[in-house]
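Presented below is the structure to which this report refers.
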Amino acid sequence: MTLKSYLWPSLFGLAFLGAAPMALAHPDIAEFSETAFAEQPQTVDCTLENGTASTCYKITVNYLPEDLEIGPFCPATLTDAGGIWEWTGENAKLYHVDEAFLRMLDDLGYRFFDEDGAVHVVDAATEQPTVDHACINVSPDESVEVTMLLPVTPMMAESPSPLGTVSKIGVALNGVPVFSDAPSIQQTGHMPALDTCGGHIDPGGWYHWHATSTDIETVFAASGVIADCALEQDSAALFGYAFDGFPMFGSTEADGAVAAGLDACNGHVGMTSAGETYHYHATDDFPNLPACLVGVQAADNFSTTATAGIGATRAGADGRNEPPRGGGAPGQMPPDFSQAAEALGVTSDDLMQALGDPRSGPPDLAAAAKTLGVTEEALRAALPSPLNR
């Protein structure tokens, strides 16, 4: 069953309710923290991705909220403890990045440390890994600002938008951008470790989340992870707004009941602090974020002043050596995959589909090569380690 056919019955009634203001509550700028913005938000004209002329809140934030504590990410040695990581291969689950986890990966053929126990840690903003498997720990760029657009009046889409790797999801109430899954170790060979609130620094130098961080300890409890997020945890609280303008809450309703009757995007219509509206809920598994977006986003709704990474508007400079990437399109792949696709004469989407879901284990390269119409030898030569072995 396709996502659209699974989700559409629950959204048909919602689309019908679209004329009722209570079903489409506006984002409330007053809900954001006082330190969220680099400058006062504005209401501007914008165009939605379906071509509809609209108005949007223009939100500009700094590389990091001034009162937010982040890290640790990568442990320096096996005796240290870092952040968290969702491993999607054998023994798949969420893990604390510690010696036990790294030795498990080593047993599976992914060695992230030297013989003396030093972890391979690389700042991807200024250098490229020289080993097959490195823990990525990006240095911040305090000069960076991020600008985002939220529709003032949310509009239901004709069908939900799937979220791929590093897709744009929304913005938290403290101004931190929120994205879907980070690239897996199976895709890149490397681990851009998250801190215990589920965030890390983009190659562009700004911090973002891959989790509903104010309810992440619900996930820890369900996964058996012993870790603490420094943020106040509240499973019923408003976390932020998705880029379609609909609110995102924790895993429970205001009365503490676990959210029920959710559609395939982890959302439903119900009473919230913003009134009766469609809204998303976190789950108790990782990443505890919407699985898709039901509304229409604003076109060109994410940009940064960074010289690298997602939303970058200028080419690499200032010692940061990764070329700009796109704005988190569905199914976005790491730069090495784009280069591999170009070398093979295929699209990145075709390459990703041929390799299959990394959660299912190593790809069948012979089958993928046949699908792409190339030789297995050419495919192996083009792919980044460890997929080419």
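The values are calculated or read from the model by the stated rules, or taken from the named source; none is laboratory data. Remember, it's a predicted structure, so these values are computed and weren't measured experimentally. Don't worry about glycine lacking a Cβ; one is built from the backbone with ideal geometry, like all the others, and counts go over all protein chains shown. Surface accessibility is based on the protein's heavy atoms, side chains included, excluding ligands, DNA and RNA. Shrake-Rupley method; radii C 1.70, N 1.55, O 1.52, S 1.80 Å.
Figures for the structure shown
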{"read-out": "Two-decimal log10 I(q)/I(0) for the stretch 256-298, as the Debye equation yields it once each C-alpha is a single scatterer, q = 0.15, 0.30 Å⁻¹", "value": "-0.38, -1.20"}
{"read-out": "Placed amide H near S303: partners under 5 Å, 5+ positions off or other chain", "value": "T147"}
{"read-out": "Computed label-point distance, nm, for sites A30 and R380 using a 7 Å Cα→Cβ extension", "value": "6.4"}
{"read-out": "Length gained when the stretch A260-T47 is fully extended (0.36 nm per residue, less Cα-Cα span)", "value": "73.3 nm"}
{"read-out": "Calculated FRET efficiency for the pair T347/Q233, C-beta based, R₀ 45 Å, to 0.05", "value": "0.60"}
{"read-out": "G250 long-range amide H proximity, modeled H, under 5 Å", "value": "A237, F239, A282"}
{"read-out": "Distant-in-sequence amide H partners of A291 (H built 1.01 Å from N, under 5 Å)", "value": "N266"}
{"read-out": "Electrostatic dipole magnitude of the stretch 64-108 [Cβ: Lys, Arg +1; Asp, Glu -1; Cα centre; debye, to 20]", "value": "180"}
{"read-out": "Hydrodynamic radius by Kirkwood, which averages 1/r over all alpha carbon pairs of the stretch 242-313, in angstrom", "value": "13.7"}
{"read-out": "Mean accessible surface per residue for the stretch 94-212, computed with a 1.4 Å probe while every protein chain stays in place, in Å²", "value": "30"}
{"read-out": "Hz values of 3J(HN,Hα) by residue in the stretch 191-197 - Karplus curve (6.51, -1.76, 1.60), Gly and Pro given as x", "value": "10, x, 3, 9, 7, 6, 9"}
{"read-out": "Where the stretch 247-303 is the region considered: accessible area per residue in Å², 1.4 Å probe", "value": "34"}
{"read-out": "Heavy-atom SASA rank of Y57, Y280 (probe 1.4 Å, accessible area, largest first)", "value": "Y57, Y280"}
{"read-out": "Surface share of carbon and sulfur [accessible, 1.4 angstrom probe, percent] for the stretch 22-324", "value": "48"}
{"read-out": "Hits among aspartates and glutamates - C-alpha to C-alpha of K370 under 20 Å, sequence gap 8 or more where chains match", "value": "E342, D349, D350, D357"}
